[in-house]
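Participant: Before I ask anything, here is the structure I am working with.
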């Protein structure tokens, strides 16, 4: 709680909190600061992070937490969302973010063209299954 209360004085503008299982970390932080708090549920339980997702997204009134997806995709989106927030007052960050998003869109187009031609691409989805996990392809 002390770190959350002192974050603004330390020059921090946004807080990203990643937590698994009960995942109340983002809410605890949000209760002790006026800074934007972004919650990233982590897949660390047999429920594959859905327990963390529900714990992060269900905040009481007055304790707002911007909740991202579970796992790596959520962490990446939290970073992008942070850049969007910071980019509102920092033109350099905004410019870099626009360039990054443009490159991401170009990559999607490139993969879509490859797929339409019947070509294989390495990553169709960021979701990877652990050995023996339901949905795993052989």
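Participant: Report every pair of residues separated by at least 6 positions or lying on different chains whose Cβ atoms are under 7 Å apart, first residue within the stretch 95-113 and outside the structural domain of residue 79 (by TED's automatic domain parsing), second part of a helix (DSSP H, G or I) and surrounded by 11 or more Cβ atoms within 10 Å (Cβ to Cβ).
Facilitator: 97/83; 97/84; 97/87
Participant: With the condition kept exactly as written, say whether any residue in the stretch 81-99 is under 22 Å from residue 7 (Cα atoms), within 13 Å of the chain's Cα centre (by Cα), at pLDDT 95 or above and part of a strand (DSSP E or B).
Facilitator: No - not one qualifying residue is present in the stretch 81-99.
Participant: Of these, 26, 30, which one is touching a helix residue (DSSP H, G or I) at 6+ places or on another chain (Cβ under 7 Å), within 19 Å of residue 84 (Cβ to Cβ), surrounded by 17 or more Cβ atoms within 10 Å (Cβ to Cβ) and at pLDDT 95 or above?
Facilitator: Of 26, 30, the one residue that is touching a helix residue (DSSP H, G or I) at 6+ places or on another chain (Cβ under 7 Å), within 19 Å of residue 84 (Cβ to Cβ), surrounded by 17 or more Cβ atoms within 10 Å (Cβ to Cβ) and at pLDDT 95 or above is 26.
The values are calculated or read from the model by the stated rules, or taken from the named source; none is laboratory data. Remember, predicted model here, so these are calculated numbers, not experimental data. Virtual Cβ from ideal backbone geometry, glycine too; neighbours counted across all protein chains shown.
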